[in-house]
Protein chains: 2
Amino acid sequence: MPPRTYHHPDVEEIAIARVLFALSEPLRLNMVKMLAEQGEVDSIDLGPDLPRSTLTHHTSLLRESGVVFVRAEGRKCMIKLRGEDLDARFPGLLGTVLTGYESDDGDRGEANV
Amino acid sequence: MPPRTYHHPDVEEIAIARVLFALSEPLRLNMVKMLAEQGEVDSIDLGPDLPRSTLTHHTSLLRESGVVFVRAEGRKCMIKLRGEDLDARFPGLLGTVLTGYESDDGDRGEANV
DNA sequence: ATTATAGTTCGAGAATTGTCGCACGGTCAA
DNA sequence: TTGACCGTGCGACAATTCTCGAACTATAAT
């Protein structure tokens with residue numbers, strides 16, 4: 001009956017080690033890149049080819065580490081970066097990671113575009 | 001006979017996902033913090049209470065991910081941050097991580113000082 | 001109400017990572 | 001040379017993490 005709800009850690013509760021771990025996974029790092037470019041997106045757009053349970057796994061990990069905010073929208077769910085929260089907690093961190101990821105063509109920077 | 005040598009990735013080879021993973025481990029993150037504060041240090045100082053093989057495991061991972069430079073000094077080994085290399089590859093990343101770690105007392109920020 | 005769709009949970013298995021004892025080779029002092 | 005010390009590599013085990021199918025719940029359309 002109750003509509004889907006999601007738990008999000010408070011800003012003070014966000015731990016840097018967990019954030020770094022969340023961003024250290026290529027799939028998740030690419031998701032974060034998309035979120036930074038596109039704003040709030042439908043979760044399915046973050047991994048159209050992934051099994052749903054795998055997608056849920058990664059989005060949940062990003063949410064529980066404090067990187068993203070998840071919101072139920074009808075039967076799908078919308079995801080956006082917690083950019084301001086992250087910047088308040090760890091100033092500049094997200095920006096430098098994303099800038100660094102841009103210049104890292106060794107991982108998967110542009111071969112798939 | 002040959003003195004101990006260590007392989008270090010070139011600057012261009014340093015991958016951001018691997019760096020973030022290396023920094024996502026509390027033990028290793030604390031080692032990096034010490035290195036940032038103290039410059040080049042004896043490896044033993046990074047984990048006096050750790051089993052040697054465990055210490056080697058973590059220092060090797062930091063070295064292979066491009067975070068630290070390791071040098072044999074007699075029978076011990078000296079370790080220092082590759083600060084300039086990291087900054088050339090991913091500008092500002094290390095600084096923001098260290099700054100963020102400083103303000104993160106939830107992990108182990110100051111309870112042990 | 002029925003059907004279809006989307007996300008979640010649970011479980012199992014594979015893969016990766018962390019921990020640590022132990023033997024080995026290199027280094028230094030006596 | 002002998003012996004103590006330090007780091008490394010190996011191997012085994014524990015702990016985490018990743019992947020993904022299947023059953024389930026909620027939502028929307030017919």
_Being within 11 Å of DNA strand C (Cβ to nearest atom), open to solvent by 30 Å² or more (accessible area, probe 1.4 Å) and either more than 10 Å from chain A (Cβ to nearest Cβ) or among the hydroxyl-bearing types (Ser, Thr, Tyr) (or both) is the filter here; which residues of the stretch B:4-26 pass it?_
B:ARG4, B:THR5
*Conditions: (1) closer than 25 Å to A:LYS33 by Cα; (2) basic (Lys, Arg); (3) open to solvent by less than 80 Å² (accessible area, probe 1.4 Å). B:LYS33 meets all but one. Number of the miss?*
(1)
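Which of the residues belonging to the stretch B:1-30 are within 13 Å of DNA strand D (Cβ to nearest atom) and either hydrophobic (A, V, I, L, M, F, W, C) or at pLDDT 95 or above (or both)?
B:TYR6, B:HIS7, B:HIS8, B:ALA17, B:LEU20, B:PHE21, B:SER24, B:GLU25, B:PRO26
For the stretch B:1-60, which positions are basic (Lys, Arg) and out of contact with any strand residue (DSSP E or B) (no Cβ under 6 Å at 6 or more places or on another chain)?
Those that are basic (Lys, Arg) and out of contact with any strand residue (DSSP E or B) (no Cβ under 6 Å at 6 or more places or on another chain): B:ARG18, B:ARG28, B:LYS33, B:ARG52.
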_Breaking point among (1) among the aromatic types (Phe, Trp, Tyr); (2) open to solvent by less than 20 Å² (accessible area, probe 1.4 Å); (3) more than 9 Å from chain B (Cβ to nearest Cβ), for A:PHE69_ = (2)
*All positions within the stretch A:83-93 that are open to solvent by 20 Å² or more (accessible area, probe 1.4 Å), touching a Leu at 6+ places or on another chain (Cβ under 9 Å) and in contact (Cβ under 8 Å) with a residue 40 or more places away in the chain*: A:GLY83
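The values are calculated or read from the model by the stated rules, or taken from the named source; none is laboratory data. Everything numeric here is computed off the predicted structure, so don't read it as measured data. Please note: Cβ atoms are built from the backbone with ideal geometry, for glycine as well, and neighbour counts cover all protein chains shown. What goes into the accessible areas is simple: the full protein's heavy atoms, side chains included, and nothing from ligands, DNA or RNA. Shrake-Rupley method; radii C 1.70, N 1.55, O 1.52, S 1.80 Å.
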